[in-house]
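Remarks on the structure that follows.
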Amino acid sequence: MYAVELESVSLRYDEVVALRDITFKSEAGKMVALIGPNGAGKTSILKMLAGLLRPSSGEVRVLGRDPARARGLITYTPQREDVYWEYPLTVRELVAMGNIRRRGLFKWLNTRDSRVDTALRLVMLEDLASRKISELSGGQQQRAFLARAICQSGEVYLLDEPIAGLDAPSESMLLEILKALRDQGKTIVMATHDISATLEIFDYVALIRNELVAFGPPKEVLTSENLVNTYGGSTVALHLDDLEKVAGWK
Ligand SMILES: Nc1ncnc2c1ncn2[C@@H]1O[C@H](COP(=O)(O)OP(=O)(O)O)[C@@H](O)[C@H]1O
Ligand SMILES: [Mg+2]
């Protein structure tokens with residue numbers, strides 16, 4: 001059984017064909033990067049895996065099931081732009097939302113659940129637990145969302161561009177936490193633009209431009225030809241610089 005699986009998946013929004021015939025899969029305990037330009041369909045794939053969207057054709061499975069029937073096993077962290085940051089929620093309240101499925105909506109807020117403390121400790125936000133989420137830095141906000149996912153204790157973590165806009169220390173802290181989760185057998189699927197970050201730690205990369213350009217281990221997939229097919233010429237020059245720096249390729 002695979003942790004995540006897309007089989008001949010197509011998705012249209014009215015007349016827009018967002019994704020065409022996407023097939024890839026990953027066993028559990030892996031980190032999978034979805035890489036592609038804006039509009040490539042990364043968010044759409046994550047939403048289908050989260051059971052929030054249904055494919056127009058093809059099959060999406062998470063841990064062998066229809067994602068809509070695996071919700072308790074799946075945690076989904078939306079793209080920054082899709083979060084209403086001004087909502088007056090504290091870090092602890094946000095993290096405790098991971099308990100809603102288990103404890104029910106009305107008990108969620110007054111709990112001093114040890115799961116919340118454990119999750120806060122894992123992402124090193126214990127000291128900021130009473131802060132409003134709007135008052136955190138970008139990296140702290142991403143860690144708060146990750147803590148919510150940890151609190152929910154799902155098996156599959158879906159993250160939409162969690163490292164976009166973070167400085168290098170915040171990015172590596174977040175990636176370290178994700179690696180630790182992977183090493184515990186969790187599956188991470190993450191949309192990102194940061195190709196260099198994926199080289200060293202991700203098990204699989206899916207290059208997407210509305211179709212699947214390539215899927216496999218980063219070193220096999222991130223060839224200049226595949227990157228040109230994904231991003232077009234000019235952007236790639238920049239990314240390849242990063243690649244050579246990180247991987248020592250020449
Ligand atoms: N709700 C929607 N209605 C219509 N078109 C959409 C909607 N959401 C996404 N799209 C279109 O689907 C394509 C893929 O979008 P998306 O999955 O958000 O890509 P990415 O996350 O890679 O930027 C884009 O062309 C986008 O404009
Ligand atoms: Mg997106």
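The values are calculated or read from the model by the stated rules, or taken from the named source; none is laboratory data. Given the structure is predicted, the values throughout are model-derived calculations rather than measurements. Cβ placement follows ideal geometry from the backbone for every residue including glycine, while neighbour counts extend to all protein chains displayed. For accessibility, only protein heavy atoms count, side chains too; no ligands or nucleic acids. Shrake-Rupley method; radii C 1.70, N 1.55, O 1.52, S 1.80 Å.
Counting heavy atoms of the protein chains only and a 1.4 Å probe, report the per residue accessible area for the chain as a whole number of Å².
Averaged over the residues of the chain, the accessible area is 47 Å².
Counting heavy atoms of the protein chains alone, Ser56 has an accessible area of about 70 Å² for a 1.4 Å probe.
May I ask for the distance between the Cα centers of the range 1-33 and the range 201-228, given as a whole number of Å? About 14 Å separates the Cα centre of the range 1-33 from the one of the range 201-228. Under 5 Å from the amide H of Ala214 lie the amide H atoms of Leu207, each residue being 5 or more positions distant or on a separate chain, with H modelled from the backbone and absent for Pro and chain starts. Rounded to whole Å, the principal axis extents of the Cα atoms in the range 16-94 read 41, 28, 23, largest first. Dipole of the chain (Lys/Arg Cβ +1, Asp/Glu Cβ -1, origin at the Cα centre): which of Ala197, Ala164, Val116 lies farthest to the positive side? So the residue furthest toward the plus end is Val116.
Over the chain, DSSP H runs of length four or greater, each weighted -39,500 (n - 2.57), average out per residue to a 222 nm ellipticity of -10500 deg cm²/dmol. Ordered by 1.4 Å accessible area with all protein chains kept, Arg182, Arg54 run largest first as Arg54, Arg182.
A Förster radius of 25 Å, combined with the Cβ-Cβ distance separating Asp66 from Val17, puts the computed FRET efficiency at roughly 0.65. Between Lys25 and Thr90, the C-beta separation translates, for a Förster distance of 35 Å, into a calculated FRET efficiency of about 0.35. Net charge dipole, the range 68-226: roughly 1000 debye, given to the nearest 20, about the Cα centre with Cβ charges of +1 for Lys and Arg and -1 for Asp and Glu.
Please report, ordered by residue number, every helix of the chain (full DSSP H runs) that is 15 Å or longer along its axis going by C-alpha atoms and whose mean Kyte-Doolittle hydropathy reaches 1.0. Flagged H segments: there are none.
Largest to smallest in accessible area, the residues Ser224, Ser26 fall in the order Ser224, Ser26 (1.4 Å probe, all protein chains included).
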